[in-house]
Amino acid sequence: MNLPNLITVGRLLCVPIEVYLLIEAAYMAAFVLFILMVFSDGLDGYLAKRNGQVTELGAMLDPLADKALLVSVFITLGLQQDLPIWLVVFVVFRDLFILGGVIVLFLLQVKVRMHPLLVSKVNTGVQMMLVVLILAELSLKIDFDFLATLMIYLTAVTTAISGAAYMVSWARRMTSNTKSGEFES
């Protein structure tokens, strides 16, 4: 296992620690750990590309680590009423929708390459920025109400656009020859 993949696995292993810190209201530690995990997300990709260490394992683990982190943190913050429940449900539903689509394609024996759409990368970035903002509010006791509200709605919009983009992509793929070629997820 190469260094970028080890960094990704480390990020994945930190998810339960992040959730625990949030549950225990250790917001400063949760804020710092989240920032480190966001930084490591960029670092593993950079190192993999720079050193020619891009692997299939890394291509699967990286989005898994991102989703595990974001879904876990969104659910925890939602249950603690630090994020609106409607947004949490929307974000989690979109991820389950994408997972369901990948499973259907797998069952139909369509080869799926794990390359997120650009809009999905933007959505992940916006979700990460929202969590950073909420954790900054909780840990630093600073009121970012207007900015937080703006980020909540921006997250909802990018989540909707991303979900719709996957739906359109899958519809195109399903109307073409589904047994040959590859499908980007």
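The values are calculated or read from the model by the stated rules, or taken from the named source; none is laboratory data. Only a predicted model underlies this, so the values are computations on that prediction, with no experimental measurement involved. All Cβ positions, glycine included, derive from the backbone under ideal geometry; neighbour counts span all protein chains shown. The area values use the complete protein model at the heavy-atom level, side chains included, leaving out ligands, DNA and RNA. Shrake-Rupley method; radii C 1.70, N 1.55, O 1.52, S 1.80 Å.
Below is a table of values for the structure above.
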| read-out | value |
| --- | --- |
| Gain upon complete extension [residue 154, residue 176; 0.36 nm per residue less C-alpha separation] | 4.6 nm |
| Ratio of Rg to Rh over the chain (Cα coordinates, Kirkwood Rh, two decimals) | 0.99 |
| Relative contact order of the chain, defined on C-alpha pairs under 8 angstrom at six or more residues apart (%) | 27 percent |
| Max mean-square fluctuation residue, GNM over the chain, Cα-Cα springs under 10 Å, options 18, 137, 56 | 56 |
| Calculated [θ] (222 nm, deg cm²/dmol) that DSSP helices of n ≥ 4 give over the chain, each run adding -39,500 (n - 2.57) | -28000 deg cm²/dmol |
| Positive-end residue, the chain charge dipole about Cα centroid, Cβ charges, pick of 101, 120, 9 | 101 |
| Residue-normalised accessible area of the chain, expressed per residue, 1.4 Å probe, Å² | 54 Å² |
| Pair residue 106, residue 55: separation of 7 Å Cα→Cβ label points (nm) | 2.0 nm |
| Candidates 41, 145, 82, ranked by Gaussian network fluctuation over the chain, Cα under 10 Å, top entry | 145 |
| Additional length obtainable on full extension of the chain from residue 35 to residue 164, 0.36 nm per residue less Cα span | 43.5 nm |
| Surrounding net charge for residue 151, when Lys and Arg each add one and Asp and Glu each subtract one, Cβ distance under 15 Å | -4 |
| 10 Å Cβ shell holding at most 11 others, DSSP loop, trypsin sites (Lys or Arg not before Pro): longest site-free stretch of the chain | 1-140 |
